[in-house]
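Right, one structure below, let's go through it.
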Amino acid sequence: MDPESEFIRSEIPDVKSIVETECWLEGERRGAPVDARDQTIRERVAQIILGGAGAYLRKKHSGQGHGA
């Protein structure tokens, strides 16, 4: 597998955790469980990743994030 694919693969658990947290939060808002494929969840996760968490994850998984 090429290095870029390995790098992306290493971020999957973190992204999954973000999705799970957002599902829980939205479920609390709605008072009912929310599926990870819900449009609100997808938009919120994209905002989180594009809004800075993505840079943090890339830094963390590239070995530059120690002590951050």
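Computed values, structure above
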quantity: Scan of region 1-29 for residues that are of a type in the set (A, V, I, L, M), buried (at least 16 other Cβ atoms within 10 Å of the Cβ) and at pLDDT 95 or above, ordered by number; calculated: VAL19
quantity: Given (1) surrounded by 10 or more Cβ atoms within 10 Å (Cβ to Cβ); (2) modelled with pLDDT of 85 or more; (3) of a type in the set (A, V, I, L, M), number of the condition ALA32 does not satisfy; calculated: (1)
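The values are calculated or read from the model by the stated rules, or taken from the named source; none is laboratory data. Note that the structure is a prediction, hence the values are computed from the model and not measured. With ideal geometry, Cβ positions are generated from the backbone for all residues, glycine too; neighbour counts draw on all protein chains shown.
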